[in-house]
Amino acid sequence: MSGHVISTFTLADATSERGRLTRLLARVRGHALDRALSNGADPVASPQLAARAARLAARPSRDELANSIERLVELACEPPCRRRVELNQAAIRGNADAMREIAAHLHGPAPVYARGVATLQQLVTDGTGPVFHTGSPSAALTRTLERASATLRDYAAY
């Protein structure tokens, strides 16, 4: 695996018509590309994967994801509300410190690997996952957070 996940998506590609189409397709296919990246697909394997990896690792996406994670922790510590999406409050509360640590890492200056960011993106958007599925044990969220945290820092960790 290349340590430079965005090196194949050059400035020339980004400004060309082909680059714009690639970025658009990467955005439209975001969920599928996130799943592939999370499962270890090499971003260099395709222009769409490279574009998605670059977007995930970019500062605005990192901050937005970190804010979402922090908000999930806040909501899990509040009493349930009928107007909100139901959260797996026990699992989130049990993993609140790890979630805050991951959010801080995303907000921080250290580089991140798209694989870990993709795993986290799936975590906060998958309504059937351990954050939202109230029947999911806390251990499922713990395992996902451990994998995401490790692959944020080291692509080959899992």
Taking the criterion of being surrounded by fewer than 20 Cβ atoms within 10 Å (Cβ to Cβ), touching a Phe, Trp or Tyr at 6+ places or on another chain (Cβ under 7 Å) and assigned to a helix (DSSP H, G or I), would at least one residue in the stretch 40-54 satisfy it? yes
Filter the stretch 103-158 for residues that are among the acidic types (Asp, Glu) and over 24 Å from ARG27 (Cβ atoms) and give the result. GLU146, ASP154
Out of GLU70, GLU64, GLU86, GLU78, which single residue is surrounded by fewer than 16 Cβ atoms within 10 Å (Cβ to Cβ), acidic (Asp, Glu) and either outside any loop (DSSP other than H, G, I, E, B) or in contact with a Leu (Cβ under 6 Å, 6 or more places away or on another chain) (or both)? GLU64
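All of the numbers you see were taken from the coordinates with simple rules; none came from a lab. Worth saying up front: this structure is predicted, and the values here are computed from it rather than measured. Quick reminder, even Gly has a Cβ in these numbers, built from the backbone with ideal geometry, and neighbours come from all protein chains shown.
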